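Novice: Structure below; questions to follow.
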Amino acid sequence: MIRNDYVPFVSEIKDVIKHTDIEYTFRMAYVGEVKPGQFFEVSIPKYGEAPISVSGIGKDFIDLTIRRVGKVTDEVFEHYVGDSLLLRGPYGNGFDINIYKGRELVVIAGGTGLSPVRGVVDYFSKHTDEVESLTLISGFKKPNDILFSEDLARWKESMNVILTVDYADGDTECQVGLVTEYIPKLKLNNKNNTTAIVVGPPAMMKFSVQGLLNIGIPEENIWVSQERKMCCGLGKCGHCKIGDVYVCLDGPVFNYTKSKTLID
Amino acid sequence: MGYIATNLELDSFMSELAKKYRIFAPKRFVNSGIFSDTDCIRYGEISSVNEMVFDEKSQYSFKETILPIIQTLFFFTEGNTNEADIPQKDIIVFLRSCDMHGVKRLDDMYLNNGPADYYYHQIRDKVKFILMGCKQSFENCFCVSMGTNRTDRYDMSIDQYDDIYRIDCKNKVWQKQLDDMNIPQEAVTPAYVTENSTSVSIPENLDFTVTKSKMWDEYDTRCIGCGRCNFVCPTCTCFSMQDMFYSENGKVGERRRVWASCMVDGFTDVAGGGSYRQKKGQRMRFKVLHKVHDYKQRNGYHMCVGCGRCDDICPEYISFSNCINKLSKAMKEVSK
Ligand SMILES: Cc1cc2nc3c(=O)[nH]c(=O)nc-3n(C[C@H](O)[C@H](O)[C@H](O)COP(=O)(O)OP(=O)(O)OC[C@H]3O[C@@H](n4cnc5c(N)ncnc54)[C@H](O)[C@@H]3O)c2cc1C
Ligand code: SF4
Ligand code: SF4
Ligand code: FES
């Protein structure tokens, strides 16, 4: 008998962590194999579904960091109280940790783009011996938009963290400027042995990859995570298709050599 | 095994089949065509062979018989989800060679691209196909170019000649029924065409650089993004999800999937106003390359089966086959 992948299951909300007014992390009961970079469809009857990346993985839970932007996500924020959510997944290929082992790793994240890579950064922040060097450049619009502040503080102790905001009204502890400004300043021993992961809004990804190529990081060492409209997550509905690729099946994580051939 | 049956004989055979199967075939829907006073030939349930239309091409393909336009996936009740019932009765679908090749595309999409689709699988398991031979090519058909003009993947074939039917039956159970009815045997090969008035040639060197060609711009203003070309296509498989509610409080309802189209507005819209392929020409490019380039890259054979329904239906007289034939020139343009 074939499994019915469309029917969601009920997952209990174990905890809610409020980062900003419109961005919360929901800690959801879940037991099973999940990789950072994979995603779940969060489902609210009457409102539909939204693909959300796992931002944290534990023995009996997954974290979903959700930004309130529309129909489904509004409803999640309005009605989650002490309750549960309907989920299906995990979907997508996710990040393969092994690719980054034994190399210098640079992770560049824009805004909520930090969620899908949080698992990767967290893993290596705890296993710094498994990489030659480890840098995170994490950019947000304003100091109020910063996500995962506690993680960022913790990560600072074991790795190189560059936290930037596009602009700040008053004093701030973080750097001010775009993530791309910090790429030429990266101190790397061997660019050919450096891998980079870039996740964020389309424009930020474009210029960050350009920046990495400019400093001599080979394109096959760059990985990106793509977002597209999705309805099924199962390679059927066609909404996420670009060229010969289905973002939900073949991605969302792509090597840049593949990603650059995808013409919307 | 070949048989020659009269209308009466075939009809009584069909009424036998109708006891076990729901039978779908092209039917005439009077005055429901796209222009006034025109009929629409499309799929509907039949119980007699006399309801079928043999001598015209159906405007819509067989697709809706195994991939419903609207399909309920499950129901929501207070805190619960209940799977929708799957039709119990077996199904027979009458179709032509190009469409039989279309079934292979639907199968590869719904059973092999990612995990097998539960709902499609349930219906597909119950379907038998009866081929309608093509004695002559119809307007805009280009199956010969696509290599889809012949097939031997059928349970039975039926060709109509005046008042007799030439049948080739591969299904053992049905053979026995025909034998029991004493229907005379004779070797039968289903009719098929060997040439069409339309032909296409897909350049060998076709690749994504063709996206840079100016040829796509022509469609920016000509195409109105109505998506009809997708809906009549036997190989288009896209859908969107929709939640429907029966009560105001939103406690009881259903989630469905409905056919979608890469040619219409909103297909790629994401939160915050993001959208891809806003221009109609870019959508045309995406569709055309899917049918004759990137599907093949993924599956090893072309998606388009050459039924020509997209050309038949387009209100703007945009010809898909013409567009394919412009690709050679476009490749030259971009490789300069
Ligand atoms: C692989 C993947 C991972 C994602 N991870 C996260 C995450 O970790 N946190 C987060 O906050 N957001 C994430 N998103 C974006 C999130 O899916 C959208 O913000 C969400 O779908 C918006 O739904 P809505 O109904 O609230 O918004 P509306 O604007 O009301 O959405 C309308 C429709 O568009 C679709 N849609 C809108 N935006 C997107 C989008 N970006 N991608 C796919 N479909 C979309 C929705 O499914 C819905 O059908 C991710 C998207 C993808 C594709
Ligand atoms: S495309 Fe070929 S097989 Fe299909 S209806 Fe036309 S002639 Fe028949
Ligand atoms: S090509 Fe024709 S049928 Fe297709 S969307 Fe454009 S106008 Fe409609
Ligand atoms: S989300 Fe449906 S095919 Fe990818």
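The values are calculated or read from the model by the stated rules, or taken from the named source; none is laboratory data. Not measured: the values here are computed from a predicted model. Counting neighbours? That spans all protein chains shown, and the Cβs are built from the backbone with ideal geometry, glycine included. Note: accessible area is taken over every heavy atom of the protein model, side chains too, but ligands, DNA and RNA are not part of it. Shrake-Rupley method; radii C 1.70, N 1.55, O 1.52, S 1.80 Å.
Novice: Per-residue Cβ counts within 10 Å, from other chains only, averaged over A:63-70: what number is that?
Specialist: Counting other chains' Cβ atoms within 10 Å and averaging over A:63-70 gives 1.
Novice: Determine the share of chain A's accessible area contributed by carbon and sulfur atoms, expressed in whole percent, with a 1.4 angstrom probe.
Specialist: Percent of accessible area from carbon and sulfur atoms in chain A: 47.
Novice: Ok, one more. Only helices at least 18 Å long along their own axis, judged from Cα atoms, and with Kyte-Doolittle mean hydropathy of -0.5 or greater: name those in chain B from DSSP H.
Specialist: Passing helices, by number: B:7-20.
Novice: Using only protein heavy atoms and a 1.4 Å probe, report how much of A:Trp223 is accessible, in Å² to the nearest 10.
Specialist: 50
Novice: Using a 10 Å cut-off around each Cβ of peptide A:38-45, what is the average number of partner chain Cβ atoms that fall inside?
Specialist: Per residue, the average neighbour count from other chains is 3.
Novice: On C-alpha positions alone, give me the angle between the axis of helix A:114-126 and the longest principal axis of chain A, in degrees, nearest 10.
Specialist: 60
Novice: So, by mean Cβ neighbours within 10 angstrom, what's the order for B:268-280, A:143-155, B:284-296 with the highest one leading?
Specialist: Descending mean neighbour count gives B:284-296, A:143-155, B:268-280.
Novice: Hey, could you grab the Kirkwood Rh for the protein assembly as shown? Inverse mean 1/r over distinct alpha carbon pairs, Å, one decimal.
Specialist: Value: 26.9 Å, from the Cα pair sum.
Novice: Given Cβ point charges of +1 (Lys, Arg) and -1 (Asp, Glu) and nothing else, what value in debye, to the nearest 20, does the dipole of segment A:1-62 about its Cα centre take?
Specialist: Approximately 100 debye in magnitude.
Novice: Using just the C-alpha positions of segment B:59-117 as equal point scatterers, what log10 of I(q)/I(0) does the Debye formula give at each q in 0.16 1/Å?
Specialist: -0.69
Novice: Based on alpha-carbon atoms only, what is the radius of gyration of segment B:1-138 relative to the globular estimate 2.2 N^0.38 Å?
Specialist: 1.20
Novice: Please average, across the residues of B:270-282, the number of beta carbons from any other chain that are within 10 Å of each residue's own beta carbon, and give a whole number.
Specialist: Partner Cβ neighbours, averaged per residue: 3.
Novice: Who wins for biggest fluctuation among B:Cys134, B:Cys310, B:Cys40 in a Gaussian network model of chain B, springs between alpha carbons below 10 Å?
Specialist: Maximum among the listed residues: B:Cys40.
Novice: Run lengths n ≥ 4 of DSSP H only: what is the helix-derived mean residue ellipticity at 222 nm for chain A, with -39500 (n - 2.57) per run over all residues, to the nearest 500?
Specialist: -5500 deg cm²/dmol
Novice: How high is the relative contact order of chain B, given as a whole-number percent (alpha carbon pairs under 8 Å, six or more residues apart)?
Specialist: 21
Novice: So, one more: Using only alpha-carbon positions, what ratio does the radius of gyration of segment B:128-209 give when scaled by 2.2 N^0.38 Å?
Specialist: Segment B:128-209 yields a ratio of 1.45.
Novice: Can you give the direction-averaged projected area of the convex hull of the alpha-carbon atoms in chain A, in nm²?
Specialist: In nm², the orientation-averaged hull projection of chain A is 14.6.
Novice: Separate question: For A:Ser149 paired with B:Gln278, estimate the spin-label separation in nm (one decimal), with each label point 7 Å from Cα along the Cα-to-Cβ line.
Specialist: For A:Ser149 paired with B:Gln278, the spin-label model returns 3.7 nm.
Novice: Right, here's the next one. May I ask which of A:Lys241/B:Lys251; B:Lys19/B:Lys170; B:Lys214/B:Lys329; A:Lys258/B:Lys212 have a Cα-Cα span longer than 22 Å here?
Specialist: Where the Cα-Cα span goes over 22 Å, the pairs concerned are A:Lys241/B:Lys251.
Novice: Could I ask something else about it? Mean-square fluctuation check for chain B, GNM, Cα pairs under 10 Å: which of B:Arg256, B:Arg124, B:Arg298 is largest?
Specialist: Answer for the Gaussian network model of chain B: B:Arg298.
Novice: Once the Cα atoms of segment B:200-296 are picked out, what are the Rg and Dmax in Å?
Specialist: In order Rg, Dmax, the Cα atoms of segment B:200-296 give 16.9, 57 Å.
Novice: What distance in nm separates the simple spin-label points at B:Ser48 and B:Thr221, each placed 7 Å from Cα in the Cβ direction?
Specialist: Spacing of the two 7 Å Cα→Cβ label points: 5.4 nm.
Novice: Let me spell out the model: positive unit charges on the Cβ of Lys and Arg, negative unit charges on the Cβ of Asp and Glu, origin at the Cα centre of segment B:1-55. What dipole size does that give, in debye rounded to 20?
Specialist: Here segment B:1-55 has a charge dipole of around 260 debye.
Novice: Residue farthest toward the positive end of the dipole of segment A:118-264, with Cβ of Lys/Arg at +1 and Asp/Glu at -1: which of A:Ala196, A:Ser259, A:Met159?
Specialist: Value computed over the given set: A:Ser259.
Novice: Once you charge only the Cβ atoms, +1 for Lys and Arg and -1 for Asp and Glu, what is the size of the charge dipole of chain A about its Cα centre, to the nearest 20 debye?
Specialist: 540
Novice: If you add up the charges near B:Leu67, with Lys and Arg at +1 and Asp and Glu at -1, over every other residue whose beta carbon is less than 12 angstrom from its beta carbon, what do you get?
Specialist: So the environment of B:Leu67 carries a net charge of +2.
Novice: For a Förster distance of 25 Å, can you work out the FRET efficiency between the beta-carbons of B:Asn299 and A:Glu219, rounded to the nearest 0.05?
Specialist: After rounding, the FRET efficiency stands at 0.35.
Novice: In addition: With each run of n ≥ 4 DSSP H residues scored as -39500 (n - 2.57), what mean residue ellipticity at 222 nm is computed for chain B after dividing by its residue count and rounding to the nearest 500 deg cm²/dmol?
Specialist: Rounded to the nearest 500, the figure is -7000 deg cm²/dmol.
Novice: When DSSP assigns beta bridges and you keep just the ones with both residues in chain B, what percent turn out antiparallel, to the nearest 5?
Specialist: Of all bridge pairs located within chain B, approximately 75 percent are antiparallel.
Novice: Here's something else I'd like to know. Once you have the Kirkwood Rh of segment A:64-183 from its Cα pairs, apply Stokes-Einstein at 20 °C and 1.002 mPa s and quote D in µm²/s.
Specialist: This corresponds to a translational diffusion coefficient of 133 µm²/s.
Novice: Next question, about the same structure. For chain A, modelled as a Gaussian network with Cα springs under 10 Å, which listed residue fluctuates most, A:Leu213, A:Leu64, A:Leu134?
Specialist: With Cα springs under 10 Å in chain A, the top fluctuation among A:Leu213, A:Leu64, A:Leu134 is at A:Leu213.
Novice: How big is the Rg/Rh ratio for segment B:287-336, C-alpha atoms only, Rh by Kirkwood, two decimals?
Specialist: Here Rg/Rh amounts to 1.02.
Novice: Here's a follow-up. Using θ = phi - 60° and the Karplus curve 6.51 cos²θ - 1.76 cosθ + 1.60, what whole-Hz ³J(HN,Hα) does each residue of segment A:138-149 get, with Gly and Pro shown as x?
Specialist: 10, x, 10, 5, 10, x, 5, 8, 5, 9, 6, 4
Novice: Okay, next question. Mind jotting down the distance between the C-alpha centroids of segment B:35-72 and segment B:195-271, whole Å?
Specialist: 21
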